[in-house]
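J.: Please find one structure pasted underneath; my questions will follow.
The values are calculated or read from the model by the stated rules, or taken from the named source; none is laboratory data. Please read these numbers as outputs of a predicted model, since none were measured by experiment. FYI the Cβ positions are ideal-geometry reconstructions off the backbone, even for glycines, and counts take in every protein chain you see.
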Amino acid sequence: MPRLSALDRHLVSFTLNGVPVSGEAEPRLLLSDFLRHVLGSTGTHVGCEHGSCGACTVEIDGRPSRACLTLAVQVEGADIRTVEGLAPAPDRLSLLQECFREHFALQCGFCTAGILVSLNALLRDRPEATEEEIRVTLSGHLCRCTGYVSIMAAALAAQTRLGTDSK
């Protein structure tokens with residue numbers, strides 16, 4: 001197979017968790033691999049590489065998206081948020097992350113990043129989301145450790161605390 005030359009690479013620039021970033025990417029490089037291997041942002045996990053497990057979920061311009069189904073060159077100029085961008089400060093957890101900790105909603109942690117990104121977007125955009133809507137959001141994520149009971153408890157606790165904090 002012929003090697004790609006520097007001419008076959010594209011400069012990709014976007015905002016990652018509020019910080020402008022850029023790097024070179026071959027046209028076929030997945031966003032998940034670009035984040036991890038080019039930018040060193042390893043919170044986004046790669047599971048199935050088919051878009052069905054949800055581990056690689058990131059926000060692209062405010063919408064949860066599968067980074068393993070997105071090419072890096074497609075996000076030129078976009079605003080990307082990963083699990084690393086959920087915490088309000090390096091030494092503090094977000095409310096949702098804190099609820100996950102309190103409710104033991106993470107076991108091995110592999111799926112957690114994608115679940116947190118999806119639930120964060122849901123609760124941000126629909127703080128009054130029903131339990132069914134939370135379950136539908138979680139249905140796009142595969143967790144082999146927790147059975148989802150603790151994840152649901154954490155999501156509902158976060159929703160309750162968000163509602164209390166806004167009053």
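Residue-wise test of (1) at pLDDT below 95; (2) over 22 Å from residue 45 (Cβ atoms).
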site: 78; (1), (2): no, no
site: 86; (1), (2): no, no
site: 93; (1), (2): no, no
site: 107; (1), (2): yes, no
site: 137; (1), (2): no, no
site: 149; (1), (2): yes, no
site: 152; (1), (2): no, no
site: 156; (1), (2): no, yes
site: 167; (1), (2): yes, yes
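J.: Residue 67 passes all but one of (1) assigned by TED's automatic domain parsing to the domain that holds residue 19; (2) out of contact with any Pro (no Cβ under 7 Å at 6 or more places or on another chain); (3) in contact (Cβ under 8 Å) with a residue 40 or more places away in the chain; which number fails?
T.: Here residue 67 clears every test but (3).
J.: Taking the condition of being outside any loop (DSSP other than H, G, I, E, B) and buried (at least 18 other Cβ atoms within 10 Å of the Cβ), how many residues in the range 96-118 meet it? If you could, list the steps in order and put the result at the bottom.
T.: Going residue by residue through the range 96-118, those that are outside any loop (DSSP other than H, G, I, E, B) are 96-102, 112-118.
Keeping just the survivors that are buried (at least 18 other Cβ atoms within 10 Å of the Cβ) gives 96-97, 99-100, 112-118.
Residues meeting the conditions: 11.
J.: Checking the conditions here, which among 38, 73 is touching a Pro at 6+ places or on another chain (Cβ under 8 Å), over 27 Å from residue 124 (Cα atoms), surrounded by 14 or more Cβ atoms within 10 Å (Cβ to Cβ) and hydrophobic (A, V, I, L, M, F, W, C)?
T.: Values: 38 fails: touching a Pro at 6+ places or on another chain (Cβ under 8 Å).
Step by step, each of 38, 73 is checked, and only 73 is touching a Pro at 6+ places or on another chain (Cβ under 8 Å), over 27 Å from residue 124 (Cα atoms), surrounded by 14 or more Cβ atoms within 10 Å (Cβ to Cβ) and hydrophobic (A, V, I, L, M, F, W, C).
J.: How about the range 137-167: which of its residues are under 20 Å from residue 60 (Cα atoms) and among the β-branched types (Val, Ile, Thr)?
T.: Listed by number, the list holds a single entry, 137.
J.: In the set 121, 157, which member is surrounded by fewer than 20 Cβ atoms within 10 Å (Cβ to Cβ), in contact with a Cys (Cβ under 7 Å, 6 or more places away or on another chain) and either assigned by TED's automatic domain parsing to the domain that holds residue 47 or part of a helix (DSSP H, G or I) (or both)? Steps first, answer last, please.
T.: Numbers: 121 fails: in contact with a Cys (Cβ under 7 Å, 6 or more places away or on another chain).
Exactly one residue qualifies, and that residue is 157.
J.: Mind listing just one residue for me: the one in the range 79-95 that is of a type in the set (A, V, I, L, M, F, W, C) and over 23 Å from residue 21 (Cα atoms) and, of those, surrounded by the fewest Cβ atoms within 10 Å (Cβ to Cβ)?
T.: Here the answer is 93.
J.: If the Cβ limit is 6 Å and pairs must be 6+ apart or interchain, which residue in the range 18-45 that is among the acidic types (Asp, Glu) pairs with which residue that is surrounded by 14 or more Cβ atoms within 10 Å (Cβ to Cβ)?
T.: 24/9; 26/9
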